[in-house]
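One structure is given below, encoded as structure tokens.
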Amino acid sequence: MNKNNIDKILRNGKGMLLAYDHGFEHGPTDFDEKSVNPEWIIKIADSGHFTGVVFQKGIASKYYDKNKHKVPLIVKMNGRTAYQKGEEPLSLSNCSVEEAVELGASAIGYTIYVGSEHEQTMIDEFAQIEKEAHDKGLAVIGWMYPRGKKIKSDTDKDTLAYAARLGLELNADAVKVKYSGDIESFKWVVKAAGKTKVFVVGGEKDADEDDIIRETKEILQAGAVGWAIGRNIWQSKDPIAVAEKIAKVLYN
Ligand code: FBP
């Protein structure tokens, strides 16, 4: 049993993880003059509204100081560049669990493209990382993304429920999945995940910032623990103010 690991990245049973691995996944195209600088992101993450910050190992190693920063670190173990956005995606690890521990990680994250023809390769790698991470006392979060020719819709209730359930089957402490778009269908996704907690992906920045507050209420009602969110925070004009608004709904 790895009962308490996940509590390190939750507050009152809820959580908001600031995702910042986009430089790897998309290239710096998502950033502006300010958000391209990881120091600014750590400042946002350390504002008190987040229960974790997600970095690949390079940014963690060069910018995250485990003795100085309060926000828990989640090291994203795998990634693939935007050049590899083929129909059947594969994402492999570029970091060891030992390195994540040295960097001060409380948790590790790993993407599985559920449904991709390379799915088994990612499941095998995840299984090894999961065992080692749990042995070393880290929480394990599965970025469970249905992708590939077999996937008709990546926000379909049953597709998402399958992805969330796979996280439970693989012993993830939490999964990160897209929102299905309505409370009732998402309840089923959360139920399928069982004792594995559910974080929701923020996605592209909403045009109206009130949408993220409405969605926060909805995902909580469905039973999710909160967000793993990037662009909706650091692409905002005032990231800390948006985070504070979400935090008020989330942790109360
Ligand atoms: P956002 O909240 O900005 O969507 O970030 C969540 C995230 O999962 C990141 O961790 C990751 O870099 C990105 O989305 C991947 O997006 P995609 O695979 O859809 O290009």
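Under the Karplus relation 6.51 cos²θ - 1.76 cosθ + 1.60, θ = phi - 60°, what is the ordered set of whole-Hz ³J(HN,Hα) values for segment 95-104, x standing for Gly and Pro?
Working through the residues one at a time gives 8, 9, 5, 4, 4, 4, 5, 4, 6, x Hz.
Debye calculation, C-alpha points only, no solvent: report log10 I(q)/I(0) for segment 5-251 at q = 0.13, 0.15 Å⁻¹, in the same order as the q values.
-0.74, -1.02
Under 8 Å for C-alpha pairs, at least 6 residues apart: give me the relative contact order for the chain, rounded to a whole percent.
19 percent
Scan around ALA139 for amide H atoms under 5 Å from its own, H built in the peptide plane at 1.01 Å from N, and keep only partners 5 or more places away or cross-chain.
Amide H neighbours of ALA139, under 5 Å, 5+ apart: ALA107, ILE108.
Give the peptides 17-25, 154-162 in descending order of average Cβ contacts within 10 Å, highest first.
Going by the mean number of other Cβ atoms within 10 Å, highest first, we get 17-25, 154-162.
So what are the ³J(HN,Hα) numbers for segment 144-160, from phi and the Karplus equation (6.51, -1.76, 1.60; θ = phi - 60°), rounded to whole Hz, Gly and Pro as x?
Karplus-based 3J(HN,Hα) across segment 144-160 equals 9, 10, x, 8, x, 4, 6, 8, 6, 8, 8, 10, 5, 3, 6, 5, 5 Hz.
What accessible area per residue, rounded to a whole number of Å², is obtained for the chain using a probe radius of 1.4 Å?
In whole numbers, the chain has 46 Å² accessible per residue.
With a 1.4 Å probe and every protein chain kept in, tell me what percent of the accessible surface of segment 5-251 is carbon plus sulfur.
The nonpolar share, carbon plus sulfur, comes to 48 percent.
Can you give the accessible area of HIS26 in Å² (nearest 10), computed on protein heavy atoms with a 1.4 Å probe?
Spelled out: HIS26, probe radius 1.4 Å, area about 60 Å².
The values are calculated or read from the model by the stated rules, or taken from the named source; none is laboratory data. The structure displayed is predicted, hence computed values, not measured ones. Glycine also receives a Cβ, built like all others from the backbone with ideal geometry; neighbour counts cover every protein chain displayed. Ligands, DNA and RNA are excluded from the accessible area calculation, which covers all protein heavy atoms including side chains. Shrake-Rupley method; radii C 1.70, N 1.55, O 1.52, S 1.80 Å.
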